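Novice: Structure below; questions to follow.
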Amino acid sequence: MLDLALSILFSSLIFIVFKLLSIYRINTLYALVANYITACITGLIFNVDGNVSLEILQKSWVPGTFILGVLFIVVFNLMAATSQKIGISVASVATKMSLVIPVICALLFYGERLHPLQGLGIVLALSAVYFVSIRDKSIVLDRAFLWLPLLVFLGSGIIDAGIKFLEEFYLAKNEFPLLSAVAFASAAIAGILFILLKESTRTKRLRPKDVVGGIALGIPNYFSIYYLLQAFQHENLGSAVIFTINNVGIVLLSTLFGIVLFKEVISLKNWMGIGLAIVSIVLVALL
């Protein structure tokens with residue numbers, strides 16, 4: 001459970017850093033690429049075997065990890081587009097509701113079983129995510145852009161399910177840091193290519209604070225994935241339970257951080273969501 005708690009903590013810290021990026025007017029895309037480079041280096045540093053060579057590319061999990069890395073940057077840009085075209089709340093709900101995908105995969109492909117009350121807990125978790133995430137007083141959905149949150153939902157879910165798939169069938173425990181490093185490296189490369197294409201007609205200089213913001217983002221980003229992989233080793237918790245607790249825990253803790261650190265004001269619906277989140281975690285984790 002400690003590994004899962006640490007994954008939730010580091011994932012929530014990512015949201016704090018994202019908030020600080022906007023406060024200090026840091027170029028988010030540049031910071032994101034710096035973040036992936038930092039996370040990759042962190043993974044290489046924490047590689048306990050110390051064996052880093054081109055032979056890594058021959059590992060059976062590498063192709064899938066490359067795909068995950070590219071999805072990291074693609075889904076991020078889809079989230080940004082959803083936030084701009086429809087609203088931050090819609091992007092947040094689409095991202096966290098995606099826990100349905102890895103949960104279904106766990107039940108169908110890994111032979112996991114849920115107690116009826118755990119199933120109720122997952123339903124309450126989805127409700128909690130919705131109520132905690134809704135911040136806009138009025139949300140107008142433009143049908144022309146409904147495909148954006150759908151792709152965010154699918155992409156986020158595929159990333160989570162893909163991480164579990166690689167851990168289940170291809171990965172040795174001592175290779176967790178390497179998998180993270182390769183995934184973040186491919187995300188960084190994809191991000192650099194995206195910048196070169198997007199910024200080809202504009203000149204935006206990379207500033208020192210963009211790099212600092214990326215470093216501050218990259219370290220918790222790496223450990224959020226690393227400890228999630230470690231949590232999958234827990235004998236008494238299936239991945240369906242882990243994904244539910246992880247996603248709801250992140251929503252809950254990041255909301256509390258927002259209240260305490262940034263004096264964010266939340267509505268009655270948000271408080272209702274917090275209550276549902278606590279109940280859902282109790283039902284899912286304690287049975």
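Readers should treat all values here as calculations from the given coordinates under stated rules, not as data from a laboratory. Note that the coordinates shown come from a computational prediction; the quantities given were computed from them, not determined experimentally. Note: ideal-geometry Cβ built from the backbone for every residue, glycine included; neighbour counts use all protein chains shown.
Novice: Pairs LYS96/LYS209; LYS19/LYS269; LYS164/LYS263; LYS164/LYS209; LYS96/LYS204; LYS96/LYS164: which exceed 26 Å Cα-Cα?
Specialist: LYS96/LYS209; LYS164/LYS263; LYS164/LYS209; LYS96/LYS204
Novice: Among the complete DSSP H segments of the chain, which ones combine at least 15 Å of alpha-carbon extent along their axis with a mean Kyte-Doolittle hydropathy of 1.6 or more?
Specialist: What comes out of the filter, once short or polar helices are dropped, is 2-23, 116-133, 176-198, 239-262, 268-285.
Novice: Could I ask something else about it? Return the FRET efficiency for the residue pair TYR110, ASN236: r is the Cβ-Cβ distance, R0 is 22 Å, and the value is rounded to the nearest 0.05.
Specialist: Values: r = 15 Å, r/R0 = 0.67.
In this case the efficiency is close to 0.90.
Novice: Estimate the FRET efficiency between LEU261 and VAL212 by the formula 1/(1 + (r/R0)^6), using the beta-carbon distance for r and 22 Å for R0, to the nearest 0.05.
Specialist: Details: r = 19 Å, r/R0 = 0.86.
Efficiency computed from Cβ-Cβ geometry: 0.70.
Novice: Let me have the relative contact order for the chain, percent, based on Cα pairs under 8 Å that are six or more residues apart.
Specialist: 44 percent
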